[in-house]
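Student: Below you'll find the structure I mean.
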Amino acid sequence: MEKSIASICFLFLFLVANTSFAQMGQKVSEPFEFQFEAKTLRGLIEKPKDKKSTAMILLIPGYGKTNFVEGQWFSRLRNQLVSAGLTVCFWDKMGCGNSEGVFNAQQPVENSAAEAIAAIQALKKLKLPASQKIGLWGISRAGWICPLINAQFPMDFWISVSGTDDKENFGYLLKENLRIAGKQEAEVEHLAQAWKQGHRLFCTQANFETYLKAIEPLRQDSTARKLFGYKNESKITDAARAAYALNQKTYTSKGHFDEVSGLWVYLKNFDKILLEIECPVLALFGENDTQVDWRKTKKLYEQTIGSNPNEILTTKVFPQCNHSLQKCISCAYQEDLSASNWEACDGYYETMKAWLKAQGIVETVGE
C-alpha cells in the first residue's frame, strides 16, 4: 500500500519544464540554504532584477521528492510570481537535489511545517527587504502544511492550490477514475464499497488475509489495479504479509480513523486550525480534479476562513482543469500531460497576480 500511495500522490508534485523568462522581464537568483534537523537543505531565492520587491513568497510542494533547482521545477510559476514583483524562495526536500539527508516519503505534515519555519527563520536573518512580508504558495498536501505554519508563524498571505480537507482522498480518486474509465455507476459503487471496507480493516489493524478478502473485487478490476497497485495473486507470501504490516503501522501512526465517514483523518481539529488564519487567502481549484475532492475543501474553507468578518477568503474554480491546475482532456489520474505539452488553466497566473495586486501585496501585476 505504501508504494501505491506514493504512486497516487506523485502527481501532487507534477511540475512544469523551464520556459523563457525574456517575455516577462528579468530576475536574479542566489543560493539559499538553512539547517534543519542537523542537515543542510538547499534552494534558491529569485527576485526581480530591476524592480523593488516588497514581499516574499515561499513555495510549499505536495507529496513526493523534489527537484526544484536542477530540474527547474515550477519554473513558469516562479517566473510569473517574480514578474509580479515578488521574491520567490524554494528548496529541495531532505535527500533531494543538493539537500543533505535521506528523503522520507512519509514525512509527517507537522515535520514539513517545522522545516518551512526553519527556512523562514533563516530568511529573517538575511534581512532582505522582501522578508518583512512573507506569504505561502502551496499545492495539495501543502493544504495541511500551510495552516500548521501559520499556527506558529502567522502568514501575511496564502495561495492554496488544490488544497485538502482533513481527510484522505483515495476513495474519491477511485470513484472519479472508475467513472472516467467507463464503468457503470452500480459497478463504481460496488468497487468503492470494497475499497471502503478494505480501508476500514487496514486502519483498524485487521490482518492481511482479512484485508485481501475485502478488496478482492478491486484485485480483479484492471482499473483499480492500475490506480492502487493491487496484485491479483492467489499465493500470500511472508514478504507481502510483512510489507502490509509495516505499511499499516506507518499509515496509522498519524491521525485517526473516523467511524462516521469511514475515512482517515490526517489532522485533528483541522477546522479550528483554519479558523486561526487571519491573512488574505486565495484558494484555487480545478473543476476536474480527480485526486482531491475539491468541493469538500472549498466548503470547509468557506465555513472556516470564510467566516472571518474581514472577508479574507477568495476562491476560484477553473473549468476543464485537473489537480495541477493544468488543462486536461479526460482529466484522469496519470493522463499523459507531460512537461512538453503542459498548459496552465486559462487565467491561472492572471488570477493570482490580480489578487496579489488587489490585496496590496504587489504594486503591479507585471506583463
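Student: Is there any pair with a first residue in segment 271-286 that is on the phi > 0 side of the Ramachandran plot and a second that is modelled with pLDDT of 95 or more and of a type outside the set (A, V, I, L, M, F, W, C) whose Cβ atoms are under 9 Å apart and which are 6 or more apart or on different chains, and what are they?
Tutor: none
Student: Please note which helices (runs of 4 or more DSSP H) are completely contained in segment 139-247 and include at least 1 residues that are surrounded by 22 or more Cβ atoms within 10 Å (Cβ to Cβ) and touching a strand residue (DSSP E or B) at 6+ places or on another chain (Cβ under 6 Å).
Tutor: 142-152
Student: Please work out if residue 266 is among the hydroxyl-bearing types (Ser, Thr, Tyr), closer than 30 Å to residue 314 by Cβ and surrounded by 15 or more Cβ atoms within 10 Å (Cβ to Cβ).
Tutor: yes
Student: If a residue must be free of Cβ contacts under 8 Å to residues at least 60 places away in the same chain, more than 20 Å from residue 257 (Cβ to Cβ) and under 27 Å from the mean Cα position of the chain (by Cα), how many such residues does segment 164-188 contain?
Tutor: 3
Student: May I ask you to list pairs of residues, at least six apart or on different chains, whose Cβ atoms are under 7 Å apart, with the first in segment 312-330 being in the same structural domain as residue 296 (by TED's automatic domain parsing) and of a type in the set (Lys, Arg) and the second being crowded, with 18+ Cβ neighbours inside 10 Å and assigned to a loop (DSSP other than H, G, I, E, B)?
Tutor: Taking only residues 6 or more apart or on different chains, the pairs are 327/345.
The values are calculated or read from the model by the stated rules, or taken from the named source; none is laboratory data. This structure is a prediction, so every number in the text was calculated from the model and none was measured. We place every Cβ from the backbone using ideal geometry, glycine too, and count neighbours over all the protein chains shown.
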